[in-house]
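All remarks here apply to the structure that follows.
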Amino acid sequence: MHIAIIMDGNGRWAALRNLNRQAGHRAGARAADAVVRAAVRQRVDTLTLYAFSCDNWFRPRPEVEALLGLLRRYLITATDRCLEESVRINVIGRRHRLNSTLKAQIEQSERLTAGCSRMHLRLAVDYSSRLSIIEAGRRLRDTPLNAPAEYLRFLAAAVHSDPVAPEVDLLIRTAGEKRLSDFLLWECAYAELLFLDCLWPDFDAAALAQALEEFSCRQRRFGRIAAVKETSEIQAWKR
Ligand code: IPE
Ligand code: IPE
Ligand code: MG
């Protein structure tokens, strides 16, 4: 079971409370923390959270710095707990534009949790799906591929995803927008899409449980006529 979340709506959550956008991002980070814990309890195998897109660099510099600072603090505090809960941390995206302190923290969190196997937590930072598709294509060169799924290996290598993540089963976007904003375009080919009005800081364990309930009612056909039998992973997750 791979769940991907576009955590949107921090700014609007703050505006509703007459707070600045940074306060919204702090509340968003708390929500992310709670949802990671809840996903472990729900026996999700892979959770990919969209934390910072390549296009988010175009926001005002103080906001960019606040977002990346929050990410570093999240990694510092979450790493010990992830070790206890056997969650493997992995930051996907490009790294050359991140500052050296953040890069060092990413490497440390990844190294310390490399042996964890209960859940693969991927935080997408300086991430662009289109750029990852271009980079994976460049690495492909003359390698013959027999199935689209084999391309996942190249996509994983292009964004430092270790291990390779399976395709997305459920994509959730909060805050009402109905678009993908350059997130996991290839990996979501047959994902179930769930667009919620809830603003990200208000998303919690109960909202995740409700989203999983909605997912379990969806019939996935993958182009066929009848619903395709669930994969053994999804059956195991529902038990
Ligand atoms: C999501 O919240 C956080 C990031 C994009 C990093 P926004 O900051 O996009 O919040 P809105 O969309 O302005 O409400
Ligand atoms: C997508 O949200 C990026 C993240 C959640 C990190 P945005 O708020 O940046 O997306 P747009 O601009 O509404 O498409
Ligand atoms: Mg937004």
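The values are calculated or read from the model by the stated rules, or taken from the named source; none is laboratory data. In this text, all values refer to a predicted model and were calculated from it rather than measured experimentally. FYI the Cβ positions are ideal-geometry reconstructions off the backbone, even for glycines, and counts take in every protein chain you see. We work out accessible area using only protein heavy atoms, side chains counted, and drop any ligands, DNA or RNA first. Shrake-Rupley method; radii C 1.70, N 1.55, O 1.52, S 1.80 Å.
Before moving on, here are some points about what is shown:
- Tally of residues being within 12 Å of ligand 1 (Cβ to nearest atom) and in a helix (DSSP H, G or I) across segment 49-63: 6
- When every residue of segment 86-105 is checked against the conditions, none turns out to be within 22 Å of THR174 (Cβ to Cβ), open to solvent by less than 10 Å² (accessible area, probe 1.4 Å) and assigned to a helix (DSSP H, G or I).
This table checks each residue for (1) more than 24 Å from SER161 (Cβ to Cβ); (2) of a type outside the set (S, T, N, Q); (3) out of contact with any helix residue (DSSP H, G or I) (no Cβ under 8 Å at 6 or more places or on another chain); (4) away from ligand 3 (no atom under 12 Å from the Cβ).
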site: ILE5; (1), (2), (3), (4): no, yes, no, yes
site: ASP8; (1), (2), (3), (4): no, yes, no, no
site: ALA23; (1), (2), (3), (4): yes, yes, no, yes
site: THR46; (1), (2), (3), (4): no, no, yes, yes
site: PRO62; (1), (2), (3), (4): yes, yes, no, yes
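- Contact annotation: residue pairs with Cβ atoms under 9 Å, 6 or more positions apart or on different chains, pairing a residue in segment 145-164 that is over 16 Å from HIS2 (Cβ atoms) with a partner that is hydroxyl-bearing (Ser, Thr, Tyr) and open to solvent by less than 20 Å² (accessible area, probe 1.4 Å), are LEU145/TYR151; ALA158/SER132.
- Boolean, GLU167 is modelled with pLDDT of 95 or more, surrounded by 14 or more Cβ atoms within 10 Å (Cβ to Cβ) and away from ligand 2 (no atom under 16 Å from the Cβ): yes
- Looking only at segment 108-133, and only at residues there that are among the charged types (D, E, K, R) and open to solvent by less than 70 Å² (accessible area, probe 1.4 Å), the one that is farthest from the chain's Cα centre (by Cα): GLU110
- Within segment 183-229, being open to solvent by 20 Å² or more (accessible area, probe 1.4 Å) and within 14 Å of ligand 3 (Cβ to nearest atom) holds for PHE195, LEU196, ASP197, CYS198, LEU199, PRO201.
- Check on ARG173, within 16 Å of ligand 3 (Cβ to nearest atom) and either at pLDDT 95 or above or more than 28 Å from ALA27 (Cα to Cα) (or both): yes
- Per-region count, segment 134-156, residues under 18 Å from HIS96 (Cβ atoms) and open to solvent by 50 Å² or more (accessible area, probe 1.4 Å): 3
- For the residues LEU212, LEU145, the requirement of being more than 16 Å from ligand 1 (Cβ to nearest atom), of a type in the set (A, V, I, L, M, F, W, C) and closer than 24 Å to SER86 by Cβ singles out LEU212.
- In segment 139-184, the residues that are small (Gly, Ala, Ser), out of contact with any Ser or Thr (no Cβ under 6 Å at 6 or more places or on another chain) and not in a helix (DSSP H, G or I): ALA147, SER161, ALA175, GLY176, SER181
Yes/no matrix, rows are residues, columns are (1) free of Cβ contacts under 8 Å to residues at least 12 places away in the same chain; (2) more than 16 Å from ligand 2 (Cβ to nearest atom); (3) part of a strand (DSSP E or B); (4) open to solvent by 10 Å² or more (accessible area, probe 1.4 Å):
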residue: ALA4; (1), (2), (3), (4): no, no, yes, no
residue: ASP8; (1), (2), (3), (4): no, no, no, yes
residue: ALA15; (1), (2), (3), (4): yes, no, no, yes
residue: ALA34; (1), (2), (3), (4): no, yes, no, yes
residue: ARG37; (1), (2), (3), (4): no, yes, no, yes
residue: VAL40; (1), (2), (3), (4): no, yes, no, no
residue: LEU47; (1), (2), (3), (4): no, no, yes, no
residue: GLU65; (1), (2), (3), (4): yes, no, no, yes
residue: LEU71; (1), (2), (3), (4): no, no, no, yes
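- Selection status of ALA27, within 11 Å of ligand 1 (Cβ to nearest atom), in a helix (DSSP H, G or I) and within 16 Å of the chain's Cα centre (by Cα): no
- Listed conditions (1) within 16 Å of ligand 1 (Cβ to nearest atom); (2) open to solvent by less than 70 Å² (accessible area, probe 1.4 Å) are all met by LYS178, apart from (2).
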